[in-house]
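Data block below; observations after.
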Amino acid sequence: MKLLITKDIDWLKKWDDYVLNENHGSHLLLSDWNKSFIVYGFDYEICILLDNHKIVGGYASIIAKVAFFKFYIVPFGPIVSTKYESNLDNLIDKVKEQARFHTCSYAHVTLPFSDIKNKHSYFPNLRLRSLIDAKKGQLFKHIYSTSGINWKSVKEFETEEALIASFRASVRRYIRSSQRKGLELQFLLKEDEIKKGYDLCLENANKNGYSLREWNTFKNTIMSLVEKGHAKFIVAVFDNQIKGSAFIIKSGNYYTYILGGTVKEKPDFLAGHFLHYAAIKLAYDEKLSGYNISLGGSTGVVSLKSSYADEQIYYKLGHYHWVLRPYYFKFYLFIEKHLKSHKRTISKLLSLMKL
């Protein structure tokens, strides 16, 4: 077994291929996702576990740097392929080693541990010596680290009718009603077209009071993922007008809903239902295992997502952290506490807004 820390283009391509096809993968591990933080002055690195030149595990880390504060964040993982679980300890040890190498005051990992059995997560029965010195939970909140998946399985259905029948009656009505509205599903490829779809997402974010990355800070990531076929930017169009948009990324043999927006008007085109089912159907057509409609959102959004999902799989059992330079980290916590009433200022100071 060998551990490789790399940003080499050839290795990153191999890593991305592994993340796309490994059941324990996540979009948070893709190289393009982690490169997106460079625009904020942060750094990243990929650690790959090799067995005779074959990738069998690893992690992606973001090194957040603000003034003299540095944080080593693993938003998802480390992960390993089935039958390589004994190597998780070595990967977690590497997280701590690299965090110290970069003189970070804090580090955390986000292991996909859940007591709900699912092939995309680990059942928390692994005894990991590398976590003996770790504390549960995560104290650094300014880089999104996964809390779990909002899961809809698609692989077991032989026909699309069987897939639709798996939803409760009210959801089936919404899906079929949205399909009768005359909406056209389009897959956007050009930058100017995708920007129009993203502008709708930004408009929704501003109206509903949540943060979304500005187009100029995120466009290169979106375009690269779309061009490589790792993601889709889809829109629902009526009479040449966008009524809804969604950005979904493939990884781990499933699609994940990243962001979206709809036009609020009467009559309601039900564009959100139209697009979520389109994403589910895409996963079904590509013979993937399912669709992660994602956790979180407003009360209405959470309700809509839950209506589509089979179950919510939370990863809180895998959240661990280390405080490596206590004085620096205590100073950071002091500043964060006393500037809590100025969240926008903190976001700008940290140069990162959560999706």
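The values are calculated or read from the model by the stated rules, or taken from the named source; none is laboratory data. Nothing here was measured: the structure is a model prediction, and the numbers come from that model. Every residue, glycine as well, gets a Cβ built from its backbone with ideal geometry; the counts of neighbours run over all protein chains shown. SASA here: full protein model, heavy atoms, side chains in, ligands and nucleic acids out. Shrake-Rupley method; radii C 1.70, N 1.55, O 1.52, S 1.80 Å.
What to note about this one:
- The accessible surface of the chain, taken with every protein chain in place and a 1.4 Å probe, is 51 percent carbon and sulfur.
- Every helix of 4 or more DSSP H residues in the chain counts as -39500 (n - 2.57), and over all residues that averages to -11000 deg cm²/dmol at 222 nm.
- The accessible-area ordering, largest first, of the residues 315, 284 stands as 284, 315, per a 1.4 angstrom probe.
- Å² of accessible area per residue within the range 151-294, as computed with a 1.4 Å probe and no ligands counted: 47
- Surface per residue (accessible, 1.4 Å probe) for the range 1-124, Å²: 37
- Cα-based shape type of the range 125-257, given that a ≥ b ≥ c are square roots of the gyration tensor eigenvalues and the cut on a/c is 1.5: oblate
- For the chain, built as a Gaussian network whose Cα springs stay under 10 Å, the top-fluctuating residue of 333, 270, 259: 333
- Size-normalised alpha-carbon gyration radius of the range 2-161, reference 2.2 N^0.38 Å: 1.05
- Rounded to 10°, Cα long-axis angle of helix 191-208 versus longest principal axis of the chain: 80
- Each residue was assigned an accessible area with a 1.4 Å probe, and for residue 215 the value is about 20 Å².
- Whether the range 1-62 is rounded, prolate or oblate, judged on the alpha carbon gyration tensor where a/c under 1.5 counts as rounded: prolate
- Inter-label distance, nm, simple model (7 Å from Cα along the C-beta direction), residue 172/residue 9: 5.2
- Residue-normalised convex hull volume from the C-alpha trace of the range 122-180: 179 Å³ per residue.
- Helix 88-101 axis, angle to the chain major axis (alpha carbon atoms, nearest 10°): 70
- Kirkwood Rh (inverse of mean 1/r, distinct Cα pairs), the range 85-188, angstrom: 18.3
- Converting the Cα gyration tensor eigenvalues of the chain into ellipsoid dimensions via √(5λ) gives semi-axes, longest first, of 34, 24, 19 Å.
- Residue ranking by accessible heavy-atom surface, 1.4 Å probe, largest first, among 144, 40 comes out as 144, 40.
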